[in-house]
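See structure below.
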Amino acid sequence: IGTGQSLNVTGTVTGVVADGTPTGNVILTSGNWNSGQTFLDSNGDYSVSIPPNSLSVGTDTLTASYSGDATYLSATGTASVTVTQSSFTLSSNPASLTVSPGATIGNTTAISVTPSNGFTGTVNLSCAFTTNAANDPATCGVSPSSENITSASPAVPTLSIHTTEASTASNERK
């Protein structure tokens, strides 16, 4: 799972059929995270939801600790889960722009902000442009400049580059 994703863990505590279904509760732990008591249902089943960003990146060991009851002794079981860092990628279409001085068309590109591994959150975008000609200062902007990623769908803001009309300097004396 990704750090930005929740994890639902289900399990069943079983015993000897003749002695009935176990009762009591299970506590699920991993590192510093603890589910608190989760009571078994009438079939001995339990379900725990681990919130996003609760587990460490890497391989985590989940430990289910059964409390025991009047018939069954306490017990533990373990399972491993691999957690990857949530992130996002940026791409553009078209990938490059050539903008003529003063252009009002062909001076934009769509930027895709694509989440991966369950990434959610705000991505702030900005741009900087270095111009080679002092008489043709270029500027750029991204709209919107902030994207709130809430699902696996990419956000698609627009990058625009603006230049001034070409001009000619004159050294004429009057």
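The values are calculated or read from the model by the stated rules, or taken from the named source; none is laboratory data. Computed from a predicted model, the values in this text were never measured in an experiment. Virtual Cβ from ideal backbone geometry, glycine too; neighbours counted across all protein chains shown. Please note that ligands, DNA and RNA were not included when accessible areas were found on the heavy atoms of the full protein model with its side chains. Shrake-Rupley method; radii C 1.70, N 1.55, O 1.52, S 1.80 Å.
Here are the numbers:
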quantity	calculated
Segment 93-113, residues that are of a type in the set (S, T, N, Q), open to solvent by less than 50 Å² (accessible area, probe 1.4 Å) and outside any loop (DSSP other than H, G, I, E, B)	THR109, SER112
Top-ranked residue of segment 1-39 - restricted to ones that are within 22 Å of PRO52 (Cα to Cα) and assigned to a loop (DSSP other than H, G, I, E, B), ranked as modelled with the lowest pLDDT	GLY4
Qualifying position, being in contact with a Gly (Cβ under 7 Å, 6 or more places away or on another chain) and hydrophobic (A, V, I, L, M, F, W, C), among ALA64, ALA95	ALA64
Pair list, Cβ < 7 Å and 6+ apart or interchain, from segment 52-70 residues that are closer than 12 Å to VAL81 by Cα to residues that are open to solvent by 70 Å² or more (accessible area, probe 1.4 Å) and not small (Gly, Ala, Ser)	VAL57/GLN85; THR59/THR82; THR61/THR78; LEU62/THR78; THR63/THR76; THR63/THR78
Residue check, GLU147 among the acidic types (Asp, Glu) and modelled with pLDDT under 80	no
LEU90 vs. criteria closer than 30 Å to HIS162 by Cα and out of contact with any Pro (no Cβ under 9 Å at 6 or more places or on another chain)	yes
Per-region count, segment 16-46, residues touching a residue at least 24 places away in the same chain (Cβ under 8 Å) and either in contact with a Gly (Cβ under 8 Å, 6 or more places away or on another chain) or farther than 30 Å from THR120 by Cα (or both)	13
Hits in segment 56-78 - residues which are among the hydrophobic types (A, V, I, L, M, F, W, C) and in a strand (DSSP E or B)	LEU62, ALA64, ALA75
